[in-house]
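All remarks here apply to the structure that follows.
The values are calculated or read from the model by the stated rules, or taken from the named source; none is laboratory data. Predicted, not measured: the structure shown is a model, and the values here were computed from it. Neighbour counts are summed over all protein chains in view; Cβ atoms, including those assigned to glycine, are modelled from backbone coordinates with ideal geometry. Accessible surface areas use protein heavy atoms only, side chains included; no ligands, DNA or RNA. Shrake-Rupley method; radii C 1.70, N 1.55, O 1.52, S 1.80 Å.
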Amino acid sequence: MRYRLRFHLQEIDLVGDEVIIGRGAMGQITIDDPMLSRRHIRIDLSGSAPTVEDLSSRNGTQLNGHALVDRATLS
């Protein structure tokens, strides 16, 4: 299965079993936004359905307009 991240006008292919997104160089996808933590979210692609979880970021993560408290399945 192929997964892509849309962010503003960009589309980024998500590859591997796990993708770390943040504003620091430690992640696979770096987004230069002061609202993001260095390691902000993890997308797990290893299972039958992709999941996302916040990595204790300072500003939190919202999914479909709601605060992401735990891991959530993406569709």
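See the values below:
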| read-out | value |
| --- | --- |
| Search result, residues across the stretch 30-45 that are crowded, with 16+ Cβ neighbours inside 10 Å and in a strand (DSSP E or B) | ILE41, ARG42, ILE43, ASP44 |
| Selection from the stretch 15-29 of residues that are in a loop (DSSP other than H, G, I, E, B), within 22 Å of THR73 (Cβ to Cβ) and open to solvent by 30 Å² or more (accessible area, probe 1.4 Å) | VAL15, GLY16, ASP17, GLN28 |
| Residue satisfying all of: in the stretch 46-60; part of a loop (DSSP other than H, G, I, E, B) and under 21 Å from VAL15 (Cβ atoms); least open to solvent (accessible area, probe 1.4 Å) among these | PRO50 |
| Sole exception among (1) surrounded by 10 or more Cβ atoms within 10 Å (Cβ to Cβ); (2) in a loop (DSSP other than H, G, I, E, B) for ILE12, by number | (2) |
| Residue in the stretch 61-75 that is farthest from ARG4 (Cα to Cα), counting only those that are part of a loop (DSSP other than H, G, I, E, B) and not charged (D, E, K, R) | VAL69 |
